[in-house]
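Taking it in order: structure first as structure tokens, then the write-up.
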Amino acid sequence: LKSSYDNIIVSEPSPGVALLTLNRPKALNALCDALLDDLIHAANHFDKSKECGAIVITGSDKAFAAGADIKEMSSRKFDEVFMKNMFKQWGDVAAIETPTIAAVNGFALGGGCELAMMCDIMIAGDKAKFGQPEINLGVIPGCGGTQRLIRAVGKSKAMEMCLTGNMIGAEQAERDGLVCRVVPAESLVDEAVKMGSKIASKSQVAAKMAKETVNAAYELNLAEGLRFERRMFHALFATEDQKEGMAAFIEKRDANFVHR
Ligand code: HXC
């Protein structure tokens, strides 16, 4: 972890919870390469840390992130974006193994919406706005907006967002299943940290396995997914946390899970 980053603010607001705040206010947190490098650097640090059980990613009241940085990419040529495989490193965000929560206030547009969708859970402030406006720029989403969005909200709504560039508000995002909960904007980060704290208090091995197993549902058919789930369930019987968690229930006390 660096002592400071140019484009994000890092804090640990509660034991076991890392808070990464996107901080390029003049550009509404547009996701330039340098910001993404900072985010991945800090996230990887916490992903490896024994103490960290949840990572919250947030932006400002006005913008979670207004998308990839249009000014940075506008003059790039095909050879360049293809040879550098532009946006490939975003996969590193989706690959974080620690549970991640996106706390979204304001605009989550284009790559901003896609970044939020890479997180495991999305909580929205009541003024959040989600959209995939790339069509207005003569392009299409490039980091999951056509793939993760359809899995979250279904074809017709995903098509509307990707083809018209229309934004949806927080309430609709909750109705559509894009976000798990809408809270007043001013308590958004507190609520997300509280949720992170709750997750961090569980067995970390079980939490990581739950995350991996839920995510496997994106990739597998039902029979394979159920088999994978059952095998992961079996594997947990090799952990101290399973013995402790079940003993604590029977003894009517709180579980004291191992921190690795
Ligand atoms: C670069 C951006 C930016 C972006 C805003 N800014 N979004 N800079 N890339 N994506 C800059 C503006 O240029 C401006 O800088 C400053 O932030 C404030 O923005 P305004 O437009 O003046 O604010 P406002 O009028 O309040 O409008 C807010 C907004 C609008 C509706 C969010 O900024 C907007 O439409 N932004 C672009 C949204 C978008 O198209 N996103 C998709 C990007 S493509 P100056 O210097 O002029 O003051 C994408 C592809 C994803 O994400 C592919 C995978 C990653």
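Taking amide hydrogens as placed 1.01 Å from N in the peptide plane, the amide H of Ala68 sits under 5 Å from those of Leu31, Gly111, Gly112, each at least 5 positions away in sequence or on another chain. Per residue, segment 21-109 exposes 48 Å² of accessible surface when a 1.4 Å probe is rolled over the protein heavy atoms with every protein chain present.
For segment 111-183, relative contact order (Cα pairs under 8 Å, six or more residues apart, normalised by length) works out to 44 percent.
Scanning the chain for GluC sites (Glu not before Pro) in DSSP loops with at most 16 neighbouring Cβ atoms within 10 Å leaves 98-250 as the longest stretch between them. Got the relative contact order for the chain handy, in percent, Cα pairs under 8 Å and 6 or more residues apart? Relative contact order for the chain comes out at 17 percent. Taking θ as phi - 60° and the Karplus parameters 6.51, -1.76 and 1.60, the scalar couplings of segment 213-219 work out to 6, 4, 5, 5, 5, 5, 9 Hz in sequence order, x denoting glycine and proline.
Rounded to the nearest Hz, the phi-derived 3J(HN,Hα) couplings of segment 56-62 under the Karplus curve 6.51 cos²θ - 1.76 cosθ + 1.60 (θ = phi - 60°) are 9, 10, 9, x, 10, 4, 7, where x marks glycine and proline.
A cut-off of 5 Å between modelled amide H atoms, ignoring neighbours fewer than 5 places along the same chain, links Thr100 with Ile55, Asp120, Ile121.
The lysines whose alpha-carbon is closer than 30 Å to the alpha-carbon of Lys71, local same-chain residues fewer than 8 away aside, are Lys2, Lys26, Lys62, Lys84, Lys88, Lys127, Lys129, Lys157. Overall, the accessible surface of segment 12-131 at a probe of 1.4 angstrom is composed of carbon and sulfur to the extent of 55 percent.
Rounded to the nearest 500, what is the 222 nm mean residue ellipticity of the chain from helices alone, with -39500 (n - 2.57) per DSSP H run of 4+ residues and division by all residues?
Only helices count here, giving -13000 deg cm²/dmol.
Overall, segment 15-57 carries a charge dipole of about 100 debye about its Cα centre when +1 sits on the Cβ of Lys and Arg and -1 on the Cβ of Asp and Glu, all other atoms neutral.
The values are calculated or read from the model by the stated rules, or taken from the named source; none is laboratory data. Since the structure is predicted, the reported quantities are computational estimates derived from the model, not experimental observations. Reconstructed Cβ throughout: ideal geometry from the backbone, glycine too, with neighbour counts over all protein chains shown. Ligands, DNA and RNA are excluded from the accessible area calculation, which covers all protein heavy atoms including side chains. Shrake-Rupley method; radii C 1.70, N 1.55, O 1.52, S 1.80 Å.
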